[in-house]
Amino acid sequence: MNTETPFETFLNQHDEEAWSATLATLLRSIHEVDRNATQIWFAFYPLPLYRALSQSDEREKLVQQLLLQGDYELRDQVDKSHHFLYGHRFWPQVKQAVEQHAGSFNQTLRASLADQILAVAQTIAQQLKKDESLVVGITAVAFMIVQQAGLAAFKTAPGTISLDRKHAKKSPEQILRARAKDDSQGLLGFLRTVNKQFTITHDENDDQARYKLNDGQDLAWGAAEDRSRDWVAIDPRRMEGPIPVECRSASCGTCWVGVLGGAEKLADVGVREGKKIKEFGYIDTAEPRPLIRLACQSQAHGAVSIVIPPWNGQFGKYLRALKAEQDRPAVLEPKQGEEPRSETIQ
């Protein structure tokens, strides 16, 4: 029995390509403070992975095949998956507005996905008396959560935020300035060519979530020196500091991170990193300094703000093989007297 609501049916008509086009449309309307964060969130919770798992007849076997570790399902993270977005502080109002939109959804209006997200964001902004650009990103996130977690699970979540009062008071401009600021190297720092150190922040909502990195050192090596807390107790994947690491050669993909600020201060993606990160399925881009990186391959030359995904795995090859199988010409049984012929499976 199909229990989908009209709104869920509408969302499920949108695949990865449709969402990519929607995000491209929305980016110009998202405030700079959340522009990178929104793109990173969608990379952290890719629709193809969700669909592969939900459509698999042997889900647990597939999870093992893809070497998935950590929390990769949105159903269990409705309220907290987006904690690194500035718009997270408006989550209770965003969640309520999206629920109301779902309840009154009229599929005969045929408004595009982007237009619906913008319309809901406008309503939220008017209610909060905030700039609309501050809530567009988190509203898009809410729509995708409904698509992956389902409206029932979305409604069941309490709608709480993971942000203390101090950080909740920060303005977008304060956060952007903090991301752009490099460490002082002392009175004659501008003359220094060696022994430079920079701060890497891995949670902007925690003043203690940062470590020092030598100029030219990769993000993973610097994190391994951080013993400020019991990282394994926080996340079993974090055996060497705040960034999960299993190797140092881009072979495991465990150390992928999102770059909120300072992407331009990281060395360009090398051939191996570019190849492997596509195999893992985290990104597929030719950009020299993308927002998703492998920490063990990313040498920093300035202060950088990153966010650590709650999971890791290897599914890029699997998804490409799945697509190749779907696109493979099917051999049709010939009628009597005919030669066998093929037809592309759509």
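When the Kirkwood hydrodynamic radius is evaluated over all pairs of different C-alpha atoms of the chain, what value in angstrom, to one decimal, is obtained?
Values: mean 1/r = 0.0458 Å⁻¹.
In the chain this quantity evaluates to 21.8 Å.
Can you check what the net charge comes to around Glu132, using other residues whose Cβ is under 13 Å from the Cβ of Glu132 (Lys, Arg +1; Asp, Glu -1)? Let's see the in-between values first.
Values: positive: Arg28, Lys129, Lys130; negative: Asp34, Asp131.
Once positives and negatives cancel, what remains is +1.
Which pairs in the list Lys129/Lys170; Lys212/Lys276; Lys275/Lys323; Lys95/Lys169 are over 23 Å apart, alpha-carbon to alpha-carbon? List each step's numbers first, then the result.
Working: Lys129/Lys170 16 Å; Lys212/Lys276 27 Å; Lys275/Lys323 19 Å; Lys95/Lys169 20 Å.
Too far apart for the 23 Å limit: Lys212/Lys276.
Treat every Asp and Glu Cβ in the chain as -1 and every Lys and Arg Cβ as +1, leave all other atoms uncharged, and give the resulting dipole magnitude about the Cα centre to the nearest 20 debye. Mind dumping the intermediate values first?
Numbers: 42 positive and 46 negative charges, 196 e Å.
The dipole of the chain has a size of about 940 debye.
Residue-wise, which Karplus ³J(HN,Hα) couplings in Hz belong to the stretch 64-77, taking 6.51 cos²θ - 1.76 cosθ + 1.60, θ = phi - 60°, and x for glycine or proline?
For the stretch 64-77, the Karplus curve yields 5, 4, 8, 6, 6, 10, x, 9, 9, 10, 6, 4, 8, 9 Hz.
Tell me the label-point distance for the pair Gln13, Ala180, using the 7 Å Cα-to-Cβ offset, in nm and rounded to one decimal.
Going from the Gln13 label point to the Ala180 one covers 4.3 nm.
Where does the stretch 90-158 land on Rg(C-alpha)/(2.2 N^0.38 Å)?
Numbers: Rg = 11.4 Å, N = 69, 2.2 N^0.38 = 11.0 Å.
Output field value: 1.04.
When only Cα pairs under 8 Å and 6 or more residues apart are kept, what is the percent relative contact order across the chain?
Working: 502 pairs, mean separation 65.0, N = 346.
Reported as a whole number, the value is 19 percent.
Apply 1/(1 + (r/R0)^6) to the Cβ-Cβ distance of Ala111 and Ala209, taking R0 = 45 Å, and write down the FRET efficiency to the nearest 0.05. Before the final figure, lay out the partial values.
Values: r = 40 Å, r/R0 = 0.89.
Plugging the Cβ-Cβ distance into 1/(1 + (r/R0)^6) gives 0.65.
Given a 1.4 Å probe, how much area per residue of the chain is accessible, in Å²?
Here the per-residue accessible area is 52 Å².
Please report, as a whole percent, how much of the solvent-accessible surface of the chain comes from carbon and sulfur atoms (probe radius 1.4 Å). If you can, show how the numbers build up before the last one.
Details: 8690 of 18000 Å².
Taking all protein chains in place, the chain shows 48 percent carbon and sulfur surface.
Comparing Leu322, Leu266, Leu213, which has the greatest mean-square fluctuation in the GNM of the chain with Cα pairs linked when under 10 Å apart?
Result: Leu322 has the largest fluctuation of those listed.
Can you tally the net charge around Ser228? Count Lys and Arg as +1, Asp and Glu as -1, for every other residue whose Cβ sits under 15 Å from the Cβ of Ser228.
Working: positive: Arg210, Lys212, Arg227, Arg229, Arg238; negative: Asp203, Asp206, Asp207, Glu225, Asp226, Asp230, Asp235, Glu240.
Neighbour charge sum, excluding Ser228 itself: -3.
Taking just the alpha carbons, could you work out the radius of gyration and Dmax for the stretch 139-242, both in angstroms?
Spelled out, the Cα radius of gyration and Dmax of the stretch 139-242 are 18.6, 59 Å.
Run the numbers for Glu60 and Ala321: contour at 0.36 nm per residue of separation, minus the present Cα-Cα distance, in nm. Mind showing how you got there, number by number?
Numbers: separation 261, 0.36 × 261 = 93.96 nm, distance 1.89 nm.
Full extension from Glu60 to Ala321 adds 92.1 nm.
Pro172: net charge of surrounding residues, Cβ under 9 Å, Lys/Arg +1, Asp/Glu -1, itself excluded? Show your work: numbers first, answer last.
Numbers: positive: Lys170; negative: Glu32, Asp34, Asp131, Glu173.
Charge balance in the 9 Å sphere: -3.
Please figure out what share of the DSSP beta bridges in the chain is antiparallel and state it in percent, rounded to the nearest 5.
On the way: 19 of 21 bridges.
Taking every DSSP beta bridge with both residues in the chain, the antiparallel ones total about 90 percent.
Calculate the translational D of the stretch 128-185 in whole µm² s⁻¹ from Stokes-Einstein, where the hydrodynamic radius comes from the Kirkwood formula applied to all Cα pairs, the temperature is 4 °C and the viscosity 1.567 mPa s. All intermediate terms of the calculation are to be shown ahead of the outcome.
Working: Rh = 14.4 Å.
D, rounded to a whole number, is 90 µm²/s.
Taking a ≥ b ≥ c as the square roots of the eigenvalues of the Cα gyration tensor of the stretch 174-330, is the shape rounded (a/c under 1.5), prolate (a/b larger than b/c) or oblate?
Details: a/c = 2.31, a/b = 1.72, b/c = 1.34.
Prolate shape, in that a/c is at least 1.5 and a/b is the bigger ratio.
The values are calculated or read from the model by the stated rules, or taken from the named source; none is laboratory data. The structure presented is a predicted model; accordingly, all values stated were derived computationally and were not measured. Heads up, the Cβs are rebuilt from the backbone with ideal geometry, glycines too, and the neighbour counts pull from every protein chain shown. To get the accessible areas, we keep the full protein, side chains included, count just its heavy atoms, and leave off ligands, DNA and RNA. Shrake-Rupley method; radii C 1.70, N 1.55, O 1.52, S 1.80 Å.
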